[in-house]
Every structure is written in structure tokens, then in C-alpha cells.
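Computed from the coordinates by the stated procedures, all read-outs in this text should not be read as laboratory data. Note that the structure is predicted; figures quoted are calculated from it, not measured. Cβ atoms come from the backbone with ideal geometry, glycine included; neighbour counts cover every protein chain shown.
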Amino acid sequence: MSAATFIPGLVSVSFRKLSPGEIVALARECGLHVIEWGSDVHVPPGDLATAREVRAMTAEAGLSVAAYGSYVRLGEADATSFAAVIETTAALGAPAIRVWAGKRGSADADEAYRQRVLDQARQLATLAADAGIVVCYEYHVDTLTDTDASALALLRATAEQPSIRTLWQPPHDRPVEANVASLRGVLPWLQHMHVFHWPRRGERAPLADGAARWRAYLDVLRAHGGTWPLLLEFVRDDDPNQLRADAATLHQWIGG
């Protein structure tokens, strides 16, 4: 098995108050290589001119687009909006669309709701696959990926569609061993990871404070091999200086 390759990057919604140009400049300064561009501020769905402009400025800085961070809520969305999301993703040059697996936690979702999420996942993934794009679930509370068992059930239910994948970020308030098992479970579907450290939910901390946990997660990826974008998010105080520190920490961990 080949050695793992890590690609450091940034989730643009970490800095909603910054312009795309400012984000590109900051990412480049920090030695980051890829950006997941968010749809809520930086690249609105259907705004193809902005998508192309952001794609060009990203490339001109020597960076790449990792994904389009949409806020599509599967099972809740108007399916007529899917075409615009895919067109925007393509114009942005993103290989993946981030989506949310509904807006109910798995404990509050009955089978009919889960089926609605799956039906829309298949519908969007079929359209996206025609454009050479994959669809990735956000790994998040208050959705059907809020537990490992629910997330895996969702992924296995659409295993016939290789264009459906997932992101991963560490669930909070759990032992590191449980999170390591969580990460191992989704490896066959993993697209990229969101990297941050919260000692408790909502409490942002310097990434360096999570060294023991993140070294364990990176060891899982090293053992598996492959190429893994690692995208920094939830920067403490939305502070560019904290991003500089977090990026330096990430570079130290991955040897880049």
C-alpha cells in the first residue's frame, strides 16, 4: 500500500467576513494548497460568474478547489435547485459538493424521513456524476450522520453509487478511541476531513491543543494510505493570526 499524502487546506466559511481574494491570499501565505468554497457567502449557488472568478483567482495563486460547500439539506431541499448547485460546482472547478443529510438527528428521524434523504441523495448524485462530481455528506450533529451507526447505514444504503461519499470531522465529547473507530469506519467513502479542535462542543481552541487526538487520526490515514485533503475550520475568534498558528501546527504534524 502506498504511503499517505496529506494536502493542507482551508474551509472558506472559517472567514465569512473576508472576501475570496483575501482568503486566497491568506491561504497561500499559510502554505495551504486547497480551499473548500462555501455557498452561503463566497460563491452563491447559480452565480456562475462569481464561481468562475473565484476558480480563476484560486488557480492563479497556485491553489486548487477541494469542494463546493453547499447547504443543501437532503430530504428538505427543492430538487429543482440541484441543477444550479451542480452548475456552480462545475464552474468553480470543484470535484465534490458538500451536502447535509437532512436536518433531523437520527433519533428523531423515522424511516420515511430517512428514505426521503436517501432518495434526494441518489437524485443529486446521479446528476452530479454526469458532471464528474461526487456528493459528500457533512459529518454533523442534528443530521443523519450524527452517529457512526446512522452514518454508515446511510452510506451503505447507497453503496451502489460510488459518487456518494462523506466528509469527516471529530465528534465531540467522546474518547479518542471512539473517534478513531469512527474514522476507520468511513474510510471507504472518505473524501476529505475538516480539521479543528474543540475541547467541548462550540469551544474553539488552538489546533495545537488537540495534538494527541489529531496525531491518532492522522495515524489512521497513514496506515490506510491514499491522498487526503485536511481542511482547517473553526478558527478561534475567526482570527487570521490563529489560522497562521493552526496552519503551522498542521504542517508540523504532516511533515510539510
Item to check | Flag for ALA151 being small (Gly, Ala, Ser) and more than 17 Å from GLY75 (Cα to Cα) | outcome: no
Next on the checklist: Condition first: closer than 19 Å to GLY46 by Cα and surrounded by fewer than 17 Cβ atoms within 10 Å (Cβ to Cβ). Now tell me which residues in the stretch 96-125 satisfy that.
Outcome noted: GLN123
Checklist outcome for this item: Within the stretch 159-204, of all residues that are part of a loop (DSSP other than H, G, I, E, B) and touching a His at 6+ places or on another chain (Cβ under 7 Å), the one farthest from ARG98 (Cα to Cα) is ARG200
Checklist entry - Hey, any hits in the stretch 174-189 for a residue that's free of Cβ contacts under 8 Å to residues at least 60 places away in the same chain, within 28 Å of LEU18 (Cα to Cα) and either of a type in the set (D, E, K, R) or surrounded by 15 or more Cβ atoms within 10 Å (Cβ to Cβ) (or both)? => result no
Checklist outcome for this item: (1) touching a Lys or Arg at 6+ places or on another chain (Cβ under 7 Å); (2) not in a loop (DSSP other than H, G, I, E, B) all hold for VAL41 apart from (2)
Next on the checklist: For the stretch 162-173, give me each residue that is surrounded by 17 or more Cβ atoms within 10 Å (Cβ to Cβ) and either farther than 14 Å from TYR139 by Cβ or of a type outside the set (Phe, Trp, Tyr) (or both).
Outcome noted: SER163, ILE164, ARG165, THR166, LEU167, GLN169, PRO170, PRO171
Next on the checklist: Quick check on my filter: what residues within the stretch 220-254 are without any contact (Cβ under 8 Å) to a residue 40 or more places away in the chain and part of a loop (DSSP other than H, G, I, E, B)?
Outcome noted: ASP239
Checklist entry - Looking at the stretch 191-207, which of its residues are surrounded by fewer than 20 Cβ atoms within 10 Å (Cβ to Cβ) and not charged (D, E, K, R)? => result TRP198, PRO199, GLY202, ALA205, PRO206
Checklist entry - Out of the stretch 1-38, which residues are over 16 Å from the mean Cα position of the chain (by Cα) and part of a strand (DSSP E or B)? => result ALA4, THR5
